[in-house]
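Peer 1: Here's a structure for you.
The values are calculated or read from the model by the stated rules, or taken from the named source; none is laboratory data. Bear in mind that the values here come from a model prediction, so they are computed numbers and not experimental data. Cβ atoms come from the backbone with ideal geometry, glycine included; neighbour counts cover every protein chain shown. Side chains are part of the model used for accessible areas, which takes the heavy atoms of the whole protein and leaves out ligands, DNA and RNA. Shrake-Rupley method; radii C 1.70, N 1.55, O 1.52, S 1.80 Å.
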Amino acid sequence: MSFNKFILYENKLRFYIVVSNAADSRHKIIKIDRTTQGEELNVVEDDATYSGKQMTAMLKMLEDGNKGNGGLGRPRMFFGVAGFIRFTAGWYVVLIARRCPVALLGGHYIYHTEEIDILPVSSSHKVDKPAEEQRLMNIWKQVDLTKNFYFSYSYDLTSTLQHNLTRPNARRMFNDRFAWNYHMMTRAFQDASMSDSERERDANLKSQWIIPLVHGHVDQAKLTVLGRVIFITLIARRSRHHAGARYLKRGVNDEGNVANEVETEQIVSETLTTPFYYPAPHSPGETEDKGTCRPARRPSPNFTSYVQYRGSIPIYWTQETNAMVPKPPIEISVMDPFYTAASKHFDDLFARYGAPITILNLIKQREPQPRESKLLEEYTNCVRYLNQFLPTAKRMVYRAWDMSHAYKQKTQDVIGYLEDIAEESIMMTGFFHSGAEPYSHFVRNEIEYQTTGTYIPWRSRMLLQNGICRTNCVDCLDRTNAAQFVFGKRALGHQLYALGVVDSPNLAFDSDAVNMLTEMYHDHGDTLAMQYTGSALVNRVETYRRMPHWNSHSRDIIENFRRFYANSLLDADKQAAINLFLGIAADRTVTHVQRGGYRSWFRKEHLEPAYDLDECERGIQQFMQERGDFWVEYYRPLLFTSLGKHFVYSMNSTLKLPGKNAHDVDPYRNPSPFMPRHTAALHPPRLMDGVRRWISSGSPTSRKSTHIEPWNAPQSKASKTELKPDRTSTEFIAAALLDPSVPPEEAAEYGAYVAQCTQLSRAPHESAARKDQRTYDAAVALAASAADPDAAPARDRDVDTYALYVERGRPFVSDVVAGKERLPVAFDYEKWLGGVA
């Protein structure tokens, strides 16, 4: 059962919290005693579930019973309990006062916390050390719960989509690794005698009304393809283990947890139905499911997801910030020849994601002063040592590539190389797809087999992701985010192909779909960088595509200054706040590290596939029958909601990109969001551009004109499958310069301009033009007051004089050549013209 409505009643003795589901049909009540002092916190949860009438009667009974203490008080609505905290004196309850929807998955809303309230539990809150209490409260508040904290009432945001759909549990469970308020959820209800398993079980029981909060980033946008609506969701989960600021949390700790650990999940789904399931096809023998009153369900094949991982290099290394230098030297603090901490880290990755594991190491290899290259050598030796004990088929795939050096070389295609690695990794690990391939793929494979004899198997079952790609640079920020975007782009192509949206998994850059994904990964990287370093990304995807913005250099300088200032002056307070928030008393070292063995550093069961296909198919069927009812949160038939306030209606979309409005529609514009959009000015100076091209390429009559189709022109049938070249690439620009061309309309426009000038230059100098002749004759006739202009023809002598006037200009304008006037200034042609008889 999922609860998403909370009402608080309070008096001097107790807090009463009433939690309800979306339909207001089920209610529970929690009582918190306000008379306790010290470390004791008395919370009583009523096991009974009440209907609406029963809860009304219960509240009336409580009102009558507490009249001596002021009744129940004024009800106060809020949106969730984040947990309980305590510093030096009594307890505080942390409430979510305001929320905002940011994503929708299968009818389950994902919210961002907008405002929190902190209320003292005890009505007579006595603080012996008020100064220390206030100091600790201020430090705790530095972890701002109103920035980048997310939750969901009915969807487990701490786990991946594949885990949620294929491994349903009877009770609501969550992954405490990514629940940043885990300390607030558990500390108030535990004692020192409880084991870890008992604490986890107790926390899962309380999670029905204490909501796990995920720290990271959530973004969602919709892709419109000829009426089909595709949701692209990006979820980043930051681990609470070994968390902290940039220079104060590096490498790995003794438990195998690395710094800046983030799990990124990219979910692509088509919204043909709101929930995760389809109604099952009607058959005479199966009308209901196992005796229930509802029809059977089948999983919707329209959900896909791909998971990536980033984390610091899993060896012991530090950077001292005592010296005021932008980049402190890197020191390897502990030399462990058996790499105990790293072995724990990779064994945990095998347990969580399965094999194979691809390691993409992007740190520098060539440096004048060795910094990152120290880590490269040690990390390479670590992976080589651990790999020798793994079975050959389960060994980690290690890719070390100096991405920074490749970018500076100007000759290497950074994005192209990363795409090759991404394609190789996706082929090894796969991605999650909740159903079979579209039937259109089966038909096309049959046609391919009949025409060419090539047999392509058709996948009739769901697809699972077993394995992970682990990406890192020295900070796991700029280079890592660019690499993860390339992986996400390749995965997006495969996900759209699995949904039957595109014919090929290859997506072109500068298309609406890829541009939207680029912006999503930019926001993703900026958010994670702000959390870890205090500044946004310095190098973005455009930097490595060699398409920087005009102000990118100045922006990079500003961001570097911000990082230096935050890391030098603010990181100590930030680390203290994170430690207090997570319940970490102080950094401690584990003297006795348990290890299975120096050769058998892994568990054999962890090398097995993390997700078995048969078990997952049974699990997803169980989820559809038992857990699929939570999607009713999406439908509110008794609540009036305008479209402008509806989340799905106002979501970011490719239809909101420039050029997608009704008045911007071009009849030749391809509506597909997968075609490259080479944006240009709305009204380009076509004539001047044509002139410049013509001047740089010579006379248009001495060269062959080649016509280049504009990007928005309709394609011919023969070129439908051809990929258009990238006009911003070096190859295209060089080819265009070697063989310049002018569009026919610009050539005709410029030809008319040149012909006009040529005719004027070839006009005879000894007589006036025909137009001027007619004007002069009309003026002579008018001056002579003749009824018929032809009756007073102009004399040749007068015409010659007028032609000289037109050629030389007005006589009162001084035209001096070599000190002599061309025409006497005393001669006034207008006066002469007025005296003609």
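Peer 1: Ignoring ligands, DNA and RNA, what percent of the accessible area of the range 351-413 is carbon or sulfur (1.4 Å)?
Peer 2: 47
Peer 1: While we're on this one: How much area per residue is accessible in the range 25-143 when the probe is 1.4 Å and only protein heavy atoms are counted (Å²)?
Peer 2: Heavy-atom accessible area per residue stands at 49 Å².
Peer 1: Expected output is a single nm value to one decimal: the length gained when fully extending between MET137 and GLU731, i.e. 0.36 nm times separation in residues minus the C-alpha distance. What is it?
Peer 2: Value of the extension gain: 207.9 nm.
Peer 1: Determine, from the Cβ-Cβ distance of ARG618 and LEU639 and an R0 of 35 Å, the FRET efficiency 1/(1 + (r/R0)^6), rounded to the nearest 0.05.
Peer 2: Computed FRET efficiency for ARG618 and LEU639 comes out at 0.40.
Peer 1: With a point put 7 Å past each Cα toward its Cβ, work out how far LYS408 is from SER440 in nm, to one decimal.
Peer 2: 4.8
Peer 1: Something else now. For the range 294-435, with only Lys/Arg (+1) and Asp/Glu (-1) charged at the beta-carbon, what is the dipole magnitude about the Cα centre, in debye rounded to 20?
Peer 2: Working: 17 positive and 15 negative charges, 118 e Å.
Result for the range 294-435 is approximately 560 debye, rounded to the nearest 20.
Peer 1: Return the long-range amide H neighbours of LEU537 (sequence gap of 5 or more, or a different chain), with a cut-off of under 5 Å between placed amide H atoms.
Peer 2: Counting only residues 5 or more places away or on other chains, the set is ASP526.
Peer 1: As an exercise, identify the trypsin sites (Lys or Arg not before Pro) in the range 96-190 lying in DSSP coil whose Cβ has no more than 13 other Cβ atoms within 10 Å.
Peer 2: Answer in residue order: LYS126, LYS147, ARG171.
Peer 1: Dipole of the range 401-475, Cα-centred, from +1 at each Lys and Arg C-beta and -1 at each Asp and Glu C-beta, to the nearest 20 debye?
Peer 2: Dipole size: approximately 160 debye.
Peer 1: Students often get this wrong, so check it: of LYS489/LYS604; LYS53/LYS147; LYS31/LYS141; LYS408/LYS604; LYS222/LYS394, which have C-alpha atoms separated by over 32 Å? It would help to have the intermediate numbers written out before the result.
Peer 2: Details: LYS489/LYS604 34 Å; LYS53/LYS147 39 Å; LYS31/LYS141 26 Å; LYS408/LYS604 43 Å; LYS222/LYS394 38 Å.
Those over the limit are LYS489/LYS604; LYS53/LYS147; LYS408/LYS604; LYS222/LYS394.
Peer 1: Which loop trypsin sites (Lys or Arg not before Pro) in the range 395-496, with loop taken from DSSP, have no more than 12 other Cβ atoms within 10 angstrom of their Cβ?
Peer 2: Working: sites: ARG395, ARG399, LYS408, LYS410, ARG444, ARG459, ARG461, ARG470, ARG479, LYS489, ARG490; in loops: ARG395, LYS410, ARG459, ARG461.
Qualifying residues, ordered by number: LYS410.
Peer 1: Taking H placed 1.01 Å from N in the peptide plane, check which residues at least 5 places from TYR278 or on another chain put their amide H under 5 Å from its amide H.
Peer 2: Those lying under 5 Å, H to H, from TYR278 are ARG298, SER300.
Peer 1: At THR146 and GLU626, where each label point lies 7 Å from the Cα along Cα→Cβ, what is the point-to-point distance in nanometres?
Peer 2: 4.1
Peer 1: Moving on to the next point. Would you work out what percent of the accessible area of the range 437-499, with all protein chains in place, is carbon or sulfur (probe 1.4 Å)? Spell out each step's value before the answer.
Peer 2: Numbers: 1320 of 2300 Å².
Looking at the range 437-499 in its full context, I get 57 percent from C and S.
Peer 1: What are the GluC sites (Glu not before Pro) within the range 18-75 that DSSP puts in a loop, where the Cβ has at most 12 other Cβ atoms within 10 Å?
Peer 2: Sites meeting the loop and neighbour criteria: GLU39, GLU40.
Peer 1: Hey, any idea what % of the range 29-163's accessible area is carbon plus sulfur with a 1.4 Å probe?
Peer 2: Solvent-exposed carbon and sulfur of the range 29-163 make up 50 percent of the total.
Peer 1: A further question on this structure: For the range 1-51 and the range 318-376, what is the centre-to-centre distance using only Cα atoms, to the nearest Å?
Peer 2: The range 1-51 and the range 318-376 have Cα centres spaced 47 Å from each other.
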